[in-house]
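> Sharing a structure with you now.
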Amino acid sequence: MTSDTLSPENLAPLVRNTIFSGNIHHFEQAESTNTLALQAATRFSQQAEGAPEGAVFLAEEQTAGRGRAGHVWHSERGVGIYCSFLLRPPMSPADALWLSLVAGVAVQDAVRETTALQADIRWPNDVLLNDKKLAGILTEMSSEATRVHHAVIGIGINVNHRSFPRDLTSPATSLLLETDKEWPRVELAAALMRALDREYRALLRAMTGPIRTPALRFEPIMKRVESRSSYAHGKMVRVEEDGGYTGVTEGLDPRGFLRVRTDRGLRIVIAGGVRPWPRRTDAVGS
Ligand code: BTN
């Protein structure tokens, strides 16, 4: 049987010609691959400058996997993909949300390439199958006001999980639970690395291309992200921010934030979670 370990030996041949090919680091156990990548960004083996752009950190298991808004990411051994990508994009922190958004597109592409399943994206970057959470993305960075020093995109994908703890904040699912079969993690992780490489290069092109107007520069990326998500336009949602409010989504603003039309006008969702509204249970009256 070929091993389905997320080792450099297994992954490197499948990700040649990507920025990730020469820098894959695999751990049997880690507290959090994001923590590993953030630490490596500033001090890494003998390199005074830290690990290079494209360094990837993968773990078979995380003991303190981190999710957005301080949540824990359930990281059971050997059944998921828990990985973090170190990037050094020449961008301002004001544009950094695009990194997270294109990572969502990359996860969606990788899932489709490997399984033929079409996942949805819930702003900013929850990847859903049948309205349940299949994957999550946590982007963390070090920056000054005008310049990102480095960013770490951490991605968790539920692949062969058979169950989840009851107390998760979002209902979760895995590829196995949705399809009743096991999926090769190595193939999926490699597809993810290829897709993220493509999306990141497209983002860099948009940033450094001829269009200098900030509002227009990211337009092709914005259209691409919007086209991949049922949440982008015309979705009735509840936003968990500022005490909570409801409205209908109206696409992304030029920085990638979600616009929601409410009774009191247009609001921009900055950081809050977004949920379908009315909740399903309310709709059936239970
Ligand atoms: C979310 O809350 O949706 C984001 C979850 C991100 C989880 C991944 S797993 C790999 C990386 N390491 C972490 O500690 N978190 C991210």
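> Considering the dipole of the chain built from charges on the beta carbon (Lys and Arg +1, Asp and Glu -1) around the Cα centre, which of Ser143, Gln29, Ser7 is farthest to its positive end?
Ser143
> Could I have the simple spin-label model distance between Ser170 and Thr213, label points 7 Å from Cα toward Cβ, reported in nm to one decimal?
Placing both labels 7 Å along Cα→Cβ, they lie 3.4 nm apart.
> Kindly sort Arg264, Arg194, Arg279 by accessible area of their heavy atoms, largest first, with the probe set to 1.4 Å.
On the way: Arg264 225, Arg194 70, Arg279 130 Å².
Ranking Arg264, Arg194, Arg279 by accessible area, largest first, yields Arg264, Arg279, Arg194.
> Run the simple label-point estimate for Ser7 and Ile268 please: 7 Å along Cα→C-beta, distance reported in nm.
Computed distance between label sites Ser7 and Ile268 equals 4.9 nm.
> Which order do you get for Lys223, Lys235 if you rank them by accessible area with a 1.4 Å probe, largest at the top? Could the numbers behind the result be given before it?
Values: Lys223 110, Lys235 50 Å².
The ordering from most to least exposed comes out as Lys223, Lys235.
> Okay, next question. Out of the total accessible area of the chain (probe 1.4 Å, heavy atoms of protein only), what percent is carbon and sulfur?
Numbers: 6810 of 13420 Å².
The computed percentage sits at 51.
> Under a point-charge model restricted to the Cβ atoms of Lys and Arg (+1) and Asp and Glu (-1), what is the dipole moment magnitude of the range 28-101 relative to its Cα centre, in debye to the nearest 20? Kindly include the intermediate steps, with their values, before the conclusion.
Details: 5 positive and 8 negative charges, 37 e Å.
So the magnitude is around 180 debye.
> If ligands, DNA and RNA are left out, what is the accessible area of Val79 with a 1.4 Å probe, given in Å² to the nearest 10?
20 Å²
> Rank Val237, Val152, Val107 by mean-square fluctuation in a GNM of the chain with C-alpha springs under 10 angstrom and give only the top-ranked residue.
Of the options given, Val237 has the highest mean-square fluctuation.
> Can you work out the accessible area per residue across the chain, with the rest of the protein chains kept in place, probe 1.4 Å, in square angstrom? Walk me through the numbers on the way to the answer.
On the way: 13420 Å² over 286 residues.
Accessible area per residue, the chain: 47 Å².
> Let me ask something else about it. Which of the lysines could be linked to Lys132 by a straight reach, that is with a Cα gap under 18 Å, when you skip same-chain ones fewer than 8 residues away?
Correct list for Lys132: Lys181, Lys235.
> Can I ask one more? Students often forget the sequence filter, so: which aspartates and glutamates lie under 18 Å Cα-Cα from Lys133 once same-chain residues fewer than 8 apart are removed?
Glu76, Asp109, Asp120, Asp167, Glu178, Asp180, Glu182, Glu240
> Could you tell me the accessible area of His233 in Å² (1.4 Å probe, neighbours in place), rounded to the nearest ten?
110 Å²
> How would you classify the range 53-148 from its alpha-carbon gyration tensor, with a ≥ b ≥ c the square roots of the eigenvalues: rounded for a/c under 1.5, else prolate if a/b is greater than b/c, otherwise oblate? Show your work: numbers first, answer last.
Working: a/c = 1.76, a/b = 1.37, b/c = 1.29.
Here the range 53-148 falls in the prolate category.
> Size of the dipole of the chain about the Cα centre, Lys and Arg at +1 and Asp and Glu at -1 on the beta carbon, nothing else charged, in debye to 20?
820 debye
> Report the residue, chosen from Val239, Val159, Val102, that carries the largest GNM mean-square fluctuation when the chain is represented by alpha-carbon nodes joined by springs under 10 Å.
Most flexible of the set in this elastic network: Val239.
> Under a point-charge model restricted to the Cβ atoms of Lys and Arg (+1) and Asp and Glu (-1), what is the dipole moment magnitude of the range 158-286 relative to its Cα centre, in debye to the nearest 20? Before the final figure, lay out the partial values.
On the way: 23 positive and 16 negative charges, 79 e Å.
With only Lys, Arg, Asp and Glu charged at Cβ, the dipole is about 380 debye.
> Arg267's amide H: which non-local residues (gap 5+, or another chain) put their own amide H closer than 5 Å, with H modeled 1.01 Å from N in plane and none for Pro or chain starts?
Val260, Arg261, Thr262
> Stretched out fully, how many nm does the piece from Arg279 to Arg43 gain, at 0.36 nm a residue minus the Cα gap? Working shown, then result.
Numbers: separation 236, 0.36 × 236 = 84.96 nm, distance 4.61 nm.
Answer, rounded to one decimal: 80.4 nm.
> If you take the Cα atoms of the chain, find Rg, then find the Kirkwood Rh from the mean of 1/r over all pairs, what is Rg/Rh?
Values: Rg = 18.6 Å, Rh = 19.4 Å.
Over the Cα atoms of the chain, Rg/Rh equals 0.96.
The values are calculated or read from the model by the stated rules, or taken from the named source; none is laboratory data. No experiment lies behind these values; they were computed from the predicted model shown. Backbone-built Cβ (ideal geometry, glycine too); neighbour counts: all protein chains shown. Accessible surface is based on the protein model in full, side chains and every heavy atom, while ligands, DNA and RNA are left aside. Shrake-Rupley method; radii C 1.70, N 1.55, O 1.52, S 1.80 Å.
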